[in-house]
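Working notes, beginning with the structure itself.
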There are 2 protein chains.
Amino acid sequence: MASIKDVAGQAGVSVATVSRVLNDHPSVSADARARVLAAVESLGYRRNAVARSLRTDQTHTLGLVISDVMNPYFTELARSVEEEARALGYSVIIGNADERPDLQDHHVRNLLDRRIDGLLVSPTDGGSPLMLDAVRAGTPMVFVDRWIPGVEVPVVRADGLAAVRDLVAHLHGLGHRRLAIIAGPAATTTGQERVTAFREALHAYGLDLPEVYIGQGDFQAASGRRVTEGFLDLPEPPEVVFATDNLMALGALDAIRARGLRVPEDIALAAFDDIPWFVHTDPPITAIAQPTGELGRAAVRALVDRIEGRTPESVTLPARLVVRRSCGEPAEPPASPEPPPAQSPAVRSPVRRSQP
Amino acid sequence: MASIKDVAGQAGVSVATVSRVLNDHPSVSADARARVLAAVESLGYRRNAVARSLRTDQTHTLGLVISDVMNPYFTELARSVEEEARALGYSVIIGNADERPDLQDHHVRNLLDRRIDGLLVSPTDGGSPLMLDAVRAGTPMVFVDRWIPGVEVPVVRADGLAAVRDLVAHLHGLGHRRLAIIAGPAATTTGQERVTAFREALHAYGLDLPEVYIGQGDFQAASGRRVTEGFLDLPEPPEVVFATDNLMALGALDAIRARGLRVPEDIALAAFDDIPWFVHTDPPITAIAQPTGELGRAAVRALVDRIEGRTPESVTLPARLVVRRSCGEPAEPPASPEPPPAQSPAVRSPVRRSQP
DNA sequence: CGCAAGGATGTAATCGATTCCATGCGCTCA
DNA sequence: TGAGCGCATGGAATCGATTACATCCTTGCG
């Protein structure tokens, strides 16, 4: 492949001049510029990003370590991250951790070795020494969706508190009293928060969240299936299962279907994370929707701010409830719930599909 | 960040020796090796992949340019590609072309600039000059799923011919006679092939595929919706809609639902590409399943073969029909179809997992 | 007319590795 | 005992860019 030297030779100038043309340095004569450009064209020269990165110590690349690519939520996140990064002149290398801390470490190490300019992480666990070291060493980093407490890194995430309250209000309004939850890994912030939010919302209605109604999942479909089977085997099974991510909801649906039970007649189902498919499942699933695209874009902006020397703040965007049929009752007018926290009315707008 | 020089200083040896230790060159005394390793440890040294790549002219990175990340089929493909690549010591940079030739070019250019060792592409169109140049210049390349005719590049793909025949047999057996298809872009091989296969299979049953029953889609959900609406507006609407990818099937389902029609009672639906969600839609969708994971792995192996100097062959794996309820009739025993081409009985075996 | 200012250009150092070549040393073997 | 071999090691070139510094030339102004 042609190098800058070849171009210089062909154009009859020095490599310095070629480099200046390539970087639009002002101090180049029109004549020289034209000759260089011609040479570039005729040789089909393309700048070697590797050499350039070595010299400038910038790769114009962002690393994104995601918990699970097969999860549509993260896929959408990845997509918006790439789009925004591209708009800002960066490329993105995606690492799929598959909810495994060891894989997460593998990718972080790999990305660091490649000298990416900054790292976007949705941590699978409480943070390995490797990641903490990277933060300490000053690697620009931003957490998305999940984060690691006590680490000085901006966090871009959705706040589901109000939406979970709306969900509980909705469920309570439909007459449900025995509500169960499929939790995510305790090592993840989202895993914990969602359970806490759910429990508190229940308390507000004088309801309890007994231990047997808390199933330990891992954000994967199989665990949703397993936990749901456990619920169904209980002497007094719950009336509602709330899966804290979309894959576990899918697993729950599997398990329920396998027993020959119907949703929502025999048992209701709700999920955290809304995805296009939820409109088409049988029945359509009531879910808490995150502003995924917005999150991805905000995360990239924060990271790039950090890379370019500014000091970004954490960003928290609200999630919202999308009511469908999986909890009983056709989706229709709010019928604002009765008792306690009447703040934040349930939003029922259709699922957004376009992007801003 | 510590460099090899720092390590050399700390260990009291030359950089050459450090490099030898790092690359396990045999000619290093146990003593020197130990001192280097200790220095590496104490400095937390990590090899700079950028510098290394510049010198060795290898990045140990594969580029994957995919037509659409939001399509679960491609997501799964990407995942398996990354897994196999990792197993072989390569990283993967994914570029999402979003079915847009310009974006595809952007990514190819970017990846080439980054001097990736090889490129995996599922082309969005007939091939831009850029891509053809790259091939001519000797960039190791492999096409996955789709390909560009006339270009000397190995292709790893699924053959849906037999499965499409099985599908038509199934539909015919259910009494359907007016079958329509939502085609993909004519610029893609898969877009054309699937229509051709469908038409021929229909012919075998003495059926015709009239122009009005061929809708032009673009592999995105919106086009599936639009085309399906067109079909439903016809004086004589089809009895079956066959969407040639899963997103267009989703769009078709949308459109059908929006008219208040039922699947399969009012109109049947089938799709190319099977995805986990099809089990849970209402009704579960009959689809042609590709051995996606296997395709991804085979593609990586072929590409790495090519990179390491061997000369890989193209690989074609069979797709298979998965019957569900969306075409009528509960899914049950094959009930081998009656009339013509009795060859290639519907394959219902589990997905093959072994490699050639 | 002479000198300073500043534009255009080239030379060479540099980034962090890898690797060829030369050197020094200890051994073996004739 | 000395020639020769091979191992361990260091020096220095190299990959392809960027960029500080030096140099030369052209202008403008006093």
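Testing B:VAL151 on (1) within 30 Å of A:ILE66 (Cα to Cα); (2) surrounded by fewer than 20 Cβ atoms within 10 Å (Cβ to Cβ), one condition comes back false. Which one is that?
(1)
Look at the range B:280-313 and say how many of its residues are assigned by TED's automatic domain parsing to the domain that holds B:GLY224 and out of contact with any Leu (no Cβ under 9 Å at 6 or more places or on another chain).
1
Would you tally the residues in the range A:81-93 being facing chain B (nearest Cβ under 9 Å) and crowded, with 24+ Cβ neighbours inside 10 Å? Explain how you work it out, then say what you get.
First, the residues of the range A:81-93 that are facing chain B (nearest Cβ under 9 Å): A:82-83, A:86, A:91-93.
Next, only the ones that are crowded, with 24+ Cβ neighbours inside 10 Å stay: A:82.
So the count comes out to 1.
Across the range B:134-190, what is the total count of residues that are in a helix (DSSP H, G or I) and among the β-branched types (Val, Ile, Thr)?
First, the residues of the range B:134-190 that are in a helix (DSSP H, G or I): B:134-136, B:161-173, B:189-190.
Applying the additional criterion that residues be among the β-branched types (Val, Ile, Thr) yields B:135, B:164, B:168, B:189-190.
Count: 5.
Would you check which residues across the range A:42-92 are part of a helix (DSSP H, G or I) and among the aliphatic types (A, V, I, L, M) and list them?
Within the range A:42-92, the first condition is being part of a helix (DSSP H, G or I), and the residues that meet it are A:42-43, A:49-56, A:72-87.
Of everything in the range A:42-92, those that are part of a helix (DSSP H, G or I) and among the aliphatic types (A, V, I, L, M) turn out to be A:LEU43, A:ALA49, A:VAL50, A:ALA51, A:LEU54, A:LEU77, A:ALA78, A:VAL81, A:ALA85, A:ALA87.
If I filter the range A:99-113 for residues that are within 16 Å of DNA strand D (Cβ to nearest atom) and out of contact with any His (no Cβ under 6 Å at 6 or more places or on another chain), do I get at least one hit? Break it down into steps so the answer makes sense when it comes.
The initial filter retains those residues of the range A:99-113 that are within 16 Å of DNA strand D (Cβ to nearest atom), namely none.
So far as the range A:99-113 goes, no, none of its residues is within 16 Å of DNA strand D (Cβ to nearest atom) and out of contact with any His (no Cβ under 6 Å at 6 or more places or on another chain).
Spot the failing condition for A:GLY309; the list is (1) more than 21 Å from B:VAL279 (Cβ to Cβ); (2) of a type in the set (Gly, Ala, Ser); (3) modelled with pLDDT of 95 or more, and only one is missed.
All conditions pass for A:GLY309, except number (3).
If you go through the range A:1-18, how many residues are within 12 Å of DNA strand C (Cβ to nearest atom) and crowded, with 18+ Cβ neighbours inside 10 Å?
Going through the range A:1-18 one residue at a time, the tally reaches 7.
On the given criteria, is A:VAL40 outside the structural domain of A:LEU112 (by TED's automatic domain parsing), more than 10 Å from DNA strand C (Cβ to nearest atom), β-branched (Val, Ile, Thr) and more than 24 Å from A:VAL304 (Cα to Cα)? Steps first, please.
Details: outside the structural domain of A:LEU112 (by TED's automatic domain parsing): yes; more than 10 Å from DNA strand C (Cβ to nearest atom): yes; β-branched (Val, Ile, Thr): yes; more than 24 Å from A:VAL304 (Cα to Cα): yes.
Considered against the rule, which asks whether it is outside the structural domain of A:LEU112 (by TED's automatic domain parsing), more than 10 Å from DNA strand C (Cβ to nearest atom), β-branched (Val, Ile, Thr) and more than 24 Å from A:VAL304 (Cα to Cα), A:VAL40 comes out as yes.
So which residues in the range B:1-22 are away from chain A (no Cβ under 14 Å) and more than 7 Å from DNA strand D (Cβ to nearest atom)?
Here is the first cut: in the range B:1-22, the residues away from chain A (no Cβ under 14 Å) are B:5-21.
Within the range B:1-22, B:LYS5, B:ASP6, B:VAL7, B:ALA8, B:GLY9, B:GLN10, B:ALA11, B:VAL18, B:SER19, B:VAL21 qualify.
Tell me, yes or no, whether the range B:56-68 has at least one residue that is over 30 Å from A:THR75 (Cα atoms) and either within 11 Å of DNA strand C (Cβ to nearest atom) or modelled with pLDDT under 95 (or both). Break it down stepwise before answering.
Our first condition is that a residue be over 30 Å from A:THR75 (Cα atoms); within the range B:56-68, this holds for B:56-57.
From the residues that got through so far, the ones that are either within 11 Å of DNA strand C (Cβ to nearest atom) or modelled with pLDDT under 95 (or both) too are B:56-57.
Yes: one or more hits.
With (1) surrounded by fewer than 24 Cβ atoms within 10 Å (Cβ to Cβ); (2) closer than 25 Å to A:ARG79 by Cα; (3) more than 7 Å from chain A (Cβ to nearest Cβ); (4) in contact (Cβ under 8 Å) with a residue 60 or more places away in the chain as the list, and B:LEU77 as the residue in question, which single condition is left unmet?
Evaluating B:LEU77 over (1) surrounded by fewer than 24 Cβ atoms within 10 Å (Cβ to Cβ); (2) closer than 25 Å to A:ARG79 by Cα; (3) more than 7 Å from chain A (Cβ to nearest Cβ); (4) in contact (Cβ under 8 Å) with a residue 60 or more places away in the chain leaves (1) as the failure.
Out of all the residues in the range B:245-281, which are in contact with a Pro (Cβ under 8 Å, 6 or more places away or on another chain) and aromatic (Phe, Trp, Tyr)?
Passing the criteria: B:TRP277, B:PHE278.
Restricting attention to the range B:100-133, and to residues there that are assigned to a loop (DSSP other than H, G, I, E, B) and within 23 Å of B:ALA187 (Cα to Cα), which single residue is nearest to the other protein chains (Cβ to nearest Cβ)? Break it down into steps so the answer makes sense when it comes.
Step one: of the range B:100-133, the residues assigned to a loop (DSSP other than H, G, I, E, B) are B:100, B:114-117, B:122-128.
With the extra rule that they be within 23 Å of B:ALA187 (Cα to Cα), the set shrinks to B:100, B:122-128.
On the way: B:ARG100: 12, B:SER122: 16, B:PRO123: 19, B:THR124: 16, B:ASP125: 20, B:GLY126: 21, B:GLY127: 17, B:SER128: 14 Å.
Ranking the candidates gives B:ARG100 first.
Can you name every residue in the range B:191-204 that is touching a Ser or Thr at 6+ places or on another chain (Cβ under 8 Å) and surrounded by fewer than 24 Cβ atoms within 10 Å (Cβ to Cβ)?
B:GLY191, B:VAL195
Got a number for residues in the range B:23-58 being farther than 28 Å from B:LEU112 by Cα and more than 8 Å from DNA strand D (Cβ to nearest atom)?
Taking the range B:23-58 first, the residues farther than 28 Å from B:LEU112 by Cα are B:24-45.
Those still in the list that are more than 8 Å from DNA strand D (Cβ to nearest atom) too: B:24, B:34-45.
Of the residues in the range B:23-58, 13 are farther than 28 Å from B:LEU112 by Cα and more than 8 Å from DNA strand D (Cβ to nearest atom).
Can you tell which of B:ALA222, B:ALA255 is within 14 Å of chain A (Cβ to nearest Cβ), surrounded by fewer than 19 Cβ atoms within 10 Å (Cβ to Cβ) and within 20 Å of B:THR281 (Cβ to Cβ)?
Going through B:ALA222, B:ALA255 in turn, just one is within 14 Å of chain A (Cβ to nearest Cβ), surrounded by fewer than 19 Cβ atoms within 10 Å (Cβ to Cβ) and within 20 Å of B:THR281 (Cβ to Cβ): B:ALA222.
Please indicate, with yes or no, whether at least one residue in the range B:41-55 is touching a residue at least 12 places away in the same chain (Cβ under 8 Å) and within 30 Å of B:MET131 (Cβ to Cβ). Steps first, please.
Step one: list which residues in the range B:41-55 are touching a residue at least 12 places away in the same chain (Cβ under 8 Å), which gives B:42-48, B:53.
Going one step further and asking which of them are within 30 Å of B:MET131 (Cβ to Cβ), we end up with B:53.
Yes, there is a match, as at least one residue in the range B:41-55 is touching a residue at least 12 places away in the same chain (Cβ under 8 Å) and within 30 Å of B:MET131 (Cβ to Cβ).
Only one residue in B:ASP145, B:ASP166, B:ASP159 is within 20 Å of B:ARG320 (Cβ to Cβ), surrounded by fewer than 18 Cβ atoms within 10 Å (Cβ to Cβ) and in contact with a strand residue (DSSP E or B) (Cβ under 9 Å, 6 or more places away or on another chain). Which one?
Values: B:ASP145 fails: surrounded by fewer than 18 Cβ atoms within 10 Å (Cβ to Cβ); B:ASP166 fails: surrounded by fewer than 18 Cβ atoms within 10 Å (Cβ to Cβ).
From the options B:ASP145, B:ASP166, B:ASP159, the qualifying one is B:ASP159.
Residue under question is A:ARG114, and the condition is that it be within 16 Å of DNA strand C (Cβ to nearest atom) and either crowded, with 24+ Cβ neighbours inside 10 Å or more than 20 Å from B:GLU83 (Cβ to Cβ) (or both); does it hold?
Against the criterion (within 16 Å of DNA strand C (Cβ to nearest atom) and either crowded, with 24+ Cβ neighbours inside 10 Å or more than 20 Å from B:GLU83 (Cβ to Cβ) (or both)), A:ARG114 does not qualify.
Looking only at residues that are in contact with a helix residue (DSSP H, G or I) (Cβ under 7 Å, 6 or more places away or on another chain) and surrounded by fewer than 18 Cβ atoms within 10 Å (Cβ to Cβ) in the range B:205-215, which one is farthest from the other protein chains (Cβ to nearest Cβ)? It would help to see each step written out before you state the result.
Going through the range B:205-215, the residues in contact with a helix residue (DSSP H, G or I) (Cβ under 7 Å, 6 or more places away or on another chain) turn out to be B:205, B:208-209, B:214-215.
Those left that are additionally surrounded by fewer than 18 Cβ atoms within 10 Å (Cβ to Cβ): B:208, B:214.
Details: B:ASP208: 31, B:ILE214: 25 Å.
This residue is B:ASP208.
The values are calculated or read from the model by the stated rules, or taken from the named source; none is laboratory data. All values derive from a computational prediction rather than experimental measurement. As a convention, Cβ positions derive from the backbone with ideal geometry for all residues, glycine included, and neighbour counts pool all protein chains shown.
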